[in-house]
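What follows is calculated from the coordinates using simple rules that are stated; it is not laboratory data. Keep in mind the model is a prediction, meaning the values are calculated, not measured. In this analysis, Cβ positions are derived from the backbone assuming ideal geometry, glycine residues included, and neighbour counts consider all displayed protein chains.
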Amino acid sequence: MNRYEIMFIVRNTIEDEAVKKEADALQSLITSDKGKIIEFKEMGKRKLAYPIKKELTGTYFVMTVEAKHDTIKEFDRKVLINENILRHLTIKKGE
């Protein structure tokens, strides 16, 4: 298993409970395929540098995970489909 750092931004025009639900769903995508979440941080609501999908603010999350490459590919696929996720970035960490 490889170690990855994943950052994602959830839109703020949905309710706070829905933002938390989106974050929990993305965590479960990793853990459902025998991945392990090492660290999970909510960075809070922040103003975006430029509008994304007509949104001006978003809630930032950062998590460090250990997972298989296929798990990360599936995570990326589902995040791209999800309308509540404005942006995401996955970085493979060194050994």
Exercise. Considering only segment 54-73, how many residues are surrounded by 13 or more Cβ atoms within 10 Å (Cβ to Cβ) and either of a type in the set (V, I, T) or at positive phi (or both)?
Worked result: 7
Problem set entry | Checking Y60 against (1) over 20 Å from K20 (Cβ atoms); (2) touching a residue at least 40 places away in the same chain (Cβ under 8 Å), the condition it does not meet | (1)
Seminar exercise, completed: Flagged pairs (Cβ under 7 angstrom, 6 or more apart or on separate chains; first in segment 22-49, free of Cβ contacts under 8 Å to residues at least 12 places away in the same chain; second assigned to a strand (DSSP E or B)) are T31/I37; K47/L56; K47/T57
Exercise. Which members of segment 36-57 meet the condition of being more than 22 Å from K20 (Cβ to Cβ) and of a type in the set (K, R)?
Worked result: K54
For this session: Note down all Cβ pairs under 8 Å where the first residue falls in segment 1-14 and is closer than 21 Å to P51 by Cα, the second is of a type in the set (D, E, K, R) and in a strand (DSSP E or B), and they're at least six residues apart or on different chains.
Result: F8/R87; I9/R87; R11/E55; N12/K45; N12/E55; T13/E55
Exercise. Looking at D70, D76, which is the one that is without any contact (Cβ under 8 Å) to a residue 24 or more places away in the chain and outside any strand (DSSP E or B)?
Worked result: D76
